[in-house]
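Undergrad: This is the structure I want to talk about, given as structure tokens.
Please treat every number below as a calculation from the coordinates, not as lab data. Just so it is clear, the model here is predicted, and its values are computed rather than measured. All Cβ positions, glycine included, derive from the backbone under ideal geometry; neighbour counts span all protein chains shown.
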Amino acid sequence: MKELDPILHPSSRRSAQKNKYRCEFSIANNTFEDPFTTCLEFFQQDRNGNIKGIVAVDL
């Protein structure tokens with residue numbers, strides 16, 4: 001994490017990411033919404049529960 005842009009750090013504001021990169025970045029294995037759902041699992045479904053694709057970036 002030391003080599004990454006500080007804006008990409010999880011504690012950074014998402015609005016700063018949106019302003020600089022026009023998108024948001026999330027760490028795949030962090031939990032989101034509830035303690036049992038990872039960001040990766042959350043973003044692989046739309047609001048209706050349908051499976052959707054996401055882009056993974058290995059750093």
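Undergrad: Project the alpha carbons of the chain onto their principal axes and report the range along each, largest first, in whole Å.
TA: 34, 23, 21
Undergrad: Once label points are set 7 Å from the Cα along Cα→Cβ at both Arg14 and Asp58, what is their separation, rounded to one decimal in nm?
TA: About 2.7 nm separates the two model spin labels.
Undergrad: Output the peptides 41-52, 4-15 sorted from most to least packed, where packing is the average of other Cβ atoms within 10 Å over each peptide's residues.
TA: Highest to lowest by the protection proxy: 4-15, 41-52.
Undergrad: Let me ask another. Under 5 Å between amide hydrogens, which residues at least 5 positions from Thr37 or on another chain qualify, with H placed 1.01 Å from N in the peptide plane?
TA: Under 5 Å from the amide H of Thr37: Phe32.
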